[in-house]
C-alpha cells in the first residue's frame, strides 16, 4: 500500500486504539524495565480481569444500541449474595443460585428495554439505584464475610492458578474468546450488530429486535455474575458498595475500544484492548513514579482523543462544523 | 418583463466533492414577480445548488448575484438578510415551541437583560399570520398544528424580512388539494409584490399550472431554460433524463398461475378500510395512489408489521395469521420497503451481510455463520442483478442509490419468496438503474413470482403492471387491467372522483 | 382544550400530585405505625427536608438546562467535590489566613470559578470536537476526580470556619441558608428558561438542533455557556454544603450525577431534549427527598429508598410511554 497522508489517516482512525496501545507499552517499557516483566504484566491483567469481564457483557449491550449503567451495582449484588449464601447453603449451591438471581435481574432489564422499548439509559439508571437498595436490604447494610476463610474451596476462582496462570486471567480470556466468537461468527452476533446499526431495518428483515436486546442484557448479567464470583472469591468478604462507580469505568473501557454509543459497531477484541489500556496505563504511570491520580487524568484525555479521532475520521475534518 | 433586473442570478456555478462534480456550470436567473421552476431528477444537483445558495457549501467556481450585485453567501441566515429565503421540504421547526418563537427562531426580539420582548414578538407574528391568512394564533404550539399549517409557519419565517427571492423545495409533497390552494394563493401574493419565486417540484402538472419558466438540471449540469407557455411535458422530460426512458404501456397479455396472495375485507384502523385484492403467480399487480392513501400500510399489514382490525389474508388459498415479518417470511412473502436507508439497509454493514440478513440464522456450519454459503448467495445475486461493487466487503453506505436498491431487492429475492412486494422501487435512483429495475420486475413475473408494485409514479405503474389497484384515502376505488386503463380514469380514481369499486 | 394540551397539563402537574400522594401516604401510614411520636407533616421536618434537598437540588436544576439542551453532564459529582476541596483548602493558604473573615468570600469565589472553569472545559470540548456530551463528561468525570485526588490524595480535607458554619446554619424567615440558595437558583433559572432569548434558544436547540443551526443560532457558544452554568451550580452546591460540614472526602459527590438526572427525569424533562421545566425538576427533587424522609418515618430501612426510587423512575417511564402510545394501528417496529 502506498503511504499517502489519507491512507495514514484512515489507518490511524481504524486502528488508532491499537497504535495508541503499542505506543504506551513501548513508552512505559523504555521508561521502566519492570513494566515488561512477565509478573508485572500478569499482575496488571489479573487486576483488570473483573472490570474486563463486565466490559465484555456491556459490549454486547452497546453494540445492540443500548446502555447498561447498572452493572456496577449488579456486581455488588452478586458478590454480596454469593458470599451470604456461601455460609448458608454451601459454595456448590451458592454459585448457581447467585447466577440465577443475577440473570433474573438482567432479564428484568432486558424485558423493560427490549420488549417495553423503554430508554435504556434511564432504565439502567433506575436499576442502578434499585439493585443497590436490594443489596443493602439483603445484607442489612453490613459487610459480608465468609466465616471460615481458610477452610473453603471457594477461593479457587480468585486466588488459584491453573497451569501457572492465575484463574481470573484464565476466566477472562476464556470468556473473551467465547463471546468474541459469538459476536463475530454466530447468527446471534450478526443480529446484534443489525439491531444496533439500524433497528428498523432489522425488524423489516424479520429479526426479532426485542428478543435480541433481551438477550444482550442476559449476556451482560452473566458477565456481571462472573465478575461478582471473581470478586467474592478473591476477597472472601465484601462491602455493599464494591462495584460502585464501575459502571462508568466499564463504559469508558468499551468506548475506548471503539464501540459507538449509537450501536452497531465495536468488537469484543477491541474492548479487551480498551480494558488492557486502562489497566496498563494505571500500572505504567505508577511504575514511572507518578501519583495514582494521574491515571484518571490520562484516561480522561485518552477517552476523548479516541472518540474525537473516530468522529473526525467519519466527518472528514478535525474540528466540529457547528458554529 | 425580460428587461427587468433579475432578483437573483447564478452564473457558472461549479461545486465539486472528492470524486464527484456535483454542479457543473449552472446558470439561471429569477426575475421579480416570476415563478421559476427548477426541475431535475433526484441526484441531478438541485439540493447541492440550494446549499450553495444558502451558503452551506462554497462554490468552487461561479458567482451569485442579487439584483446584479455579486454576493458571497456564508450561511442561511446571511442569505436571508440579503433577501434570499428557503422553504424546506423537510420542515425544520421546533415543535415544542410556539408559532411565534418558530417564525422568529434565531432572531427573537430582545429587551434588557437578554429578555425576550414578547409584546413585539407577538405583534410582528400577528402581522405575518394576517398576511398568510391562517386561522391559528401566534401562541399555538407548533406540534399541535397540521402539516399544512406547519408549512405556513415555515413560510411565515420567510416574511420576517422583505424577501427578494423565495425558494420553495417540493412544498406540496405532503399537502392535500385544499391545502395546496392556500399555498398557491400565498405564492401568488408574493409574486404580486415583485418577489421572485424558485419552485422546485417533481409534479409536472403543478409546474405547468403555475410557473413562468422552467430550468432543468441533469447530472449537475444546466440543461437549459424553457418558457413554460412554449413547451410541453415531453420536452421537459427529455431534458431531465437525457434520453427518453422507456415507459411504454405494458401490453403483454399472458396467462397467470393460481392466486398466490388474496386479501378480503382487510382494514387497519384509520389507515385503510375494507380492502380486497388478489395477485396471481406470474402477475405484476400495481398499487397506485397518493402518499398517505394507505398503499404502504397495506403492504406493512401483509408483511406482519401492522395488526389488521378486520379481514383475512389468504396465502395459496389458505387463511393465515401474520403477526410479524418472521411469519411473513415463513409464508413466502418478501417486502422491499419504501425507505431504503431507514428500513432496507444497515448502512454500517457490508454488502454481503446486508443481503443475507433475513436468513443468516439458516446459513450456518455448526454454531457459526458459514462464510462460504453467504458469499455464494451474494455472488449469485450480484451477478443476477448486476450489482456494481468492488467486493462484498464494501460498506453498503458507500454504494450509489441504484446499487443500494439492488442489494435490498437481492436480499429479498434470495429468500425465494412466492410473493414479492416492492414499495417505491425506483425512488431516488438514476435513470439507468430505473429501467434495469423495471425490466427485472417484469422478468420476475415471467419466472412465476407474484409481484406487487407500489408506486407514486403513474408511468412506472402503467409500464410494469398487469393489473392496477387505484387507492384513495384508505379505500380501493377501482381495479383496472393493463388493457382497459387510461390515464384519465386512473387520475380520477385516485382523486376520489371515480366510481366507487366499479370492478 | 385540545387533547395534547390536556396531556401537557397532566404531565406538568403529575410531579406535584405525586408529592401530595407521598405526603398523605406518609402522614396516614406514619400515624398508624406510630414509629415516631412526631407527625410527618411537622413544620420543622418540612423545613429540614428543603434544606437537605439543596445540594442535589441545585445541581439537578442546572442539569435540567443541560438536558433541555439535548446534552447531559456526568461530571457534576466530580466538579462538586473539586469545588469543595478548593473551598476548604484555599482557606488554609497562608495569605488567606491573614485576611480574617474576608477569606470567606474569596474562598467562595475560588470554588465557584473552579466550577465555571470545569464547565468551560467540557463545553469547549463538546463545541470544538463535536464529540457527544455523554462521552465528554464521562471522561471528565474521571479526569476531574483525578484533580480532586491531587490535593490530599485519599485523605479528607478539613477546615472548619465558625463564621462560615454560622452563616450556613442561619435561618432567614424560617428558611435555612441552603434552602434560600435552592429557591433563588430555581427562580433565576426559571426566569432564564422562560423569559430570555438564551433560554428559549435552549429549547429550540434541544428540540431541533439542525433547525436552530439553520436559523443562525450559534449552538457551540450556547452549549459552552450552559456547561459553564452547570459547573457554576455544582460549585455553588458544594459551597452551600461544605460551608457547614467543613470536611470533604475525595469520594464525595460520587453518583450525584445520577441522582440529579433521576430528579430531572421524574420532573418530566425529555431525555432527547427540547422539553422540560425548571419548576417540575424542583418538584422531582422534593419528591425524592420526601421519599427518603418518609420511608424513614414509617420505619422502613433507609436501604429501601434506593429500591423505591429506582422502581418509581422506571414506573414513570412506563407511564409516559403509555400516555404517548398511538393505539393499536401503529407500526410494529
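For residue B:110, the criteria (1) surrounded by fewer than 22 Cβ atoms within 10 Å (Cβ to Cβ); (2) in contact (Cβ under 8 Å) with a residue 12 or more places away in the chain; (3) at the interface with another protein chain (Cβ under 7 Å from one of its Cβ atoms) hold in every case but one, which is (2).
The residue pairs whose first member lies in segment B:71-87 and is more than 10 Å from every other protein chain (Cβ to nearest Cβ) and under 15 Å from residue B:104 (Cα atoms), whose second member is at pLDDT 85 or above and not in a helix (DSSP H, G or I), and whose beta carbons are closer than 6 Å, counting only pairs six or more residues apart or on different chains, are B:85/B:163; B:85/B:166; B:87/B:168. Here residue B:404 fulfils each of the conditions (1) under 24 Å from residue B:240 (Cα atoms); (2) out of contact with any strand residue (DSSP E or B) (no Cβ under 6 Å at 6 or more places or on another chain); (3) within 14 Å of chain A (Cβ to nearest Cβ); (4) in a loop (DSSP other than H, G, I, E, B) apart from (4).
For segment A:268-293, taking the residues that are surrounded by fewer than 18 Cβ atoms within 10 Å (Cβ to Cβ) and facing chain C (nearest Cβ under 10 Å), the one that is nearest to residue C:137 (Cα to Cα) is identified as A:292. For the condition within 20 Å of residue B:351 (Cα to Cα) and either modelled with pLDDT under 90 or surrounded by fewer than 21 Cβ atoms within 10 Å (Cβ to Cβ) (or both), residue B:396 qualifies. Can you confirm whether residue B:116 is buried (at least 18 other Cβ atoms within 10 Å of the Cβ) and either more than 10 Å from every other protein chain (Cβ to nearest Cβ) or modelled with pLDDT under 85 (or both)? No: the conditions fail for residue B:116.
Restricting to segment B:152-173, name every residue that is surrounded by fewer than 16 Cβ atoms within 10 Å (Cβ to Cβ) and over 23 Å from residue B:100 (Cα atoms). Passing the criteria: only B:173.
Residue count for segment A:125-167 satisfying the condition of being facing chain C (nearest Cβ under 10 Å) and on the phi < 0 side of the Ramachandran plot: 15.
The residue that is farthest from residue C:130 (Cα to Cα), among those in segment A:303-322 that are within 8 Å of another protein chain (Cβ to nearest Cβ) and surrounded by 16 or more Cβ atoms within 10 Å (Cβ to Cβ), is A:303. For residue B:380, the conditions (1) assigned to a helix (DSSP H, G or I); (2) crowded, with 20+ Cβ neighbours inside 10 Å; (3) more than 9 Å from every other protein chain (Cβ to nearest Cβ) all hold with the exception of (2).
Take the conditions within 9 Å of chain C (Cβ to nearest Cβ), out of contact with any helix residue (DSSP H, G or I) (no Cβ under 7 Å at 6 or more places or on another chain) and touching a residue at least 12 places away in the same chain (Cβ under 8 Å) and apply them to residue A:121. Does it pass? When the stated conditions are applied, residue A:121 passes them. Evaluating residue B:348 against the criteria (1) at negative phi; (2) assigned by TED's automatic domain parsing to the domain that holds residue B:456; (3) part of a loop (DSSP other than H, G, I, E, B) leaves one unmet condition, (2).
In a residue-by-residue description of segment A:137-157, the property of being under 21 Å from residue A:226 (Cα atoms), within 19 Å of the chain's Cα centre (by Cα) and in contact (Cβ under 8 Å) with a residue 40 or more places away in the chain applies to at least one position.
All told, residue B:366 falls short of being assigned by TED's automatic domain parsing to the domain that holds residue B:255 and at positive phi. When B:93, B:190 are screened for being surrounded by 20 or more Cβ atoms within 10 Å (Cβ to Cβ) and closer than 22 Å to residue C:207 by Cβ, only B:93 passes.
Just name the residue that is nearest to residue A:208 (Cα to Cα) out of those in segment B:311-339 that are more than 12 Å from chain A (Cβ to nearest Cβ) and in contact with a helix residue (DSSP H, G or I) (Cβ under 8 Å, 6 or more places away or on another chain). Ranking the qualifying residues of segment B:311-339, first place goes to B:321. The residues on offer are C:216, C:273, C:206, C:310, and the sole one that is closer than 27 Å to residue C:12 by Cβ, outside any helix (DSSP H, G or I) and within 11 Å of another protein chain (Cβ to nearest Cβ) is C:273. In the set C:82, C:99, C:48, only one residue is surrounded by fewer than 17 Cβ atoms within 10 Å (Cβ to Cβ) and modelled with pLDDT of 85 or more; that residue is C:48. Checked across segment A:222-236, the condition of being within 14 Å of chain B (Cβ to nearest Cβ) and part of a loop (DSSP other than H, G, I, E, B) holds for no residue.
From the list B:342, B:353, the lone residue that is free of Cβ contacts under 8 Å to residues at least 40 places away in the same chain, facing chain A (nearest Cβ under 10 Å), in contact with a helix residue (DSSP H, G or I) (Cβ under 6 Å, 6 or more places away or on another chain) and part of a helix (DSSP H, G or I) is B:342.
Restricted to segment C:170-189, and to residues there that are surrounded by fewer than 18 Cβ atoms within 10 Å (Cβ to Cβ) and under 21 Å from the mean Cα position of the chain (by Cα), the residue that is modelled with the lowest pLDDT is C:175. Exactly one residue among C:88, C:106, C:147 is closer than 30 Å to residue C:165 by Cβ, in a helix (DSSP H, G or I) and without any contact (Cβ under 8 Å) to a residue 40 or more places away in the chain, and that residue is C:106. Just to be sure, is residue B:390 surrounded by fewer than 20 Cβ atoms within 10 Å (Cβ to Cβ) and assigned to a loop (DSSP other than H, G, I, E, B)? Answer is yes for this residue. Number of residues in segment B:56-79 that are surrounded by 21 or more Cβ atoms within 10 Å (Cβ to Cβ) and in contact with a helix residue (DSSP H, G or I) (Cβ under 6 Å, 6 or more places away or on another chain) equals 2. Being within 14 Å of chain B (Cβ to nearest Cβ) and in contact (Cβ under 8 Å) with a residue 24 or more places away in the chain is the filter; apply it to segment A:201-221 and report the residue that is nearest to residue B:340 (Cα to Cα). Per the stated criteria, the residue is A:209. The condition (being within 18 Å of the chain's Cα centre (by Cα) and free of Cβ contacts under 8 Å to residues at least 40 places away in the same chain) is satisfied by just one residue among C:310, C:284, C:231, C:273: C:310. Assessment of segment B:35-47 against the conditions (assigned by TED's automatic domain parsing to the domain that holds residue B:168, in a helix (DSSP H, G or I) and modelled with pLDDT under 85) yields at least one matching residue.
The values are calculated or read from the model by the stated rules, or taken from the named source; none is laboratory data. Note that the structure is predicted; figures quoted are calculated from it, not measured. When we count neighbours, we look across all protein chains shown, and the Cβ atoms used for this are built from the backbone with ideal geometry, even at glycine.
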